[in-house]
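Take a look at the structure set out below.
What follows draws every value from the coordinates through simple rules; no lab data is involved. Fair warning: this is a prediction, and the values are worked out from it, not measured in the lab. Cβ: placed from backbone, ideal geometry, glycine included. Neighbour counts: every protein chain shown.
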Amino acid sequence: MAAAHIHWRLPVVTLVSALVLTAVPLPAPAAPFRPEWVPLILIFWSLLAPERFGLLTAFWMGLLLDTLSGALLGQHALALVVVVYLTIRFHLQIRVFPVWQLSVTVVLLLVIYEFVLFWVDGVAGRTVPLAERWSPLIASALIWPLILAYLDRYRHEAQVRM
């Protein structure tokens, strides 16, 4: 029974932690370099367990992220749904990649995420400085291997089970 609690508790804790890390205020010079915590965690869990963490999870996390950040309602939800859809669609191929290829794939998924946000901002007529748009991508690319290393034991357990 205790093992069953781990299967839902850890993902919920990591998703809530991602929202908290997104909402924590940073000093002005460091603020543009805040990693995209929510997309990174959603990519990890949709790679690990696509049957449990799918489009609905991405949609609700996106709405929560929109609410926390004060963005256009549905902007992050749309971007997260696109990224999680692509992750789930190709999860069997992505999961067997070595760490460096997995990191490159995650960076490409984050580029798609940022592009969708850029597109929605353009349609809404909102301009975002270039540094605020692409600096989180660089920070996220650097933090992804740490997230992977921390949660790697759960990734290996899921590969053995599946």
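The label-point distance for Phe115 and Arg153, in a model that sets each label 7 Å from Cα toward Cβ, rounds to 3.8 nm.
Against the chain, whose longest principal axis is taken from its Cα atoms, helix 99-124 shows a tilt of about 40°. Let me make sure I get this right: for segment 1-143, a, b and c are the square roots of the gyration tensor eigenvalues over alpha carbons, sorted descending. Under 1.5 in a/c it's rounded, otherwise prolate if a/b > b/c, else oblate. Which is it? Note, shape of segment 1-143 comes out prolate.
Remark: C-alpha extents of segment 49-121 on the principal axes read 37, 25, 16 Å, sorted largest to smallest. The Val104 and Leu68 beta-carbon pair, evaluated with R₀ = 35 Å, returns a calculated FRET efficiency of approximately 0.75.
Taking the C-alpha atoms only, the angle from helix 37-48 to the longest principal axis of the chain is near 30 degrees. D by Stokes-Einstein for segment 66-162, Kirkwood Rh over Cα pairs, 20 °C, 1.002 mPa s: 144 µm²/s. Extension gain for the segment Leu92 to Arg52, taken as residue separation times 0.36 nm less the Cα-Cα distance, is 12.9 nm to one decimal. Only loop residues by DSSP count here, and only those with at most 16 other Cβ atoms within 10 Å; note down the chymotrypsin sites (Phe, Trp or Tyr not before Pro) in segment 77-159 that meet that. Qualifying residues, ordered by number: Phe90. For the chain, the longest principal axis of the alpha carbon atoms and the long axis of helix 2-23 meet at an angle near 10°. Taking the Cα centre of segment 2-161 as origin and assigning +1 to Lys and Arg Cβ atoms and -1 to Asp and Glu Cβ atoms, the resulting dipole is close to 320 debye.
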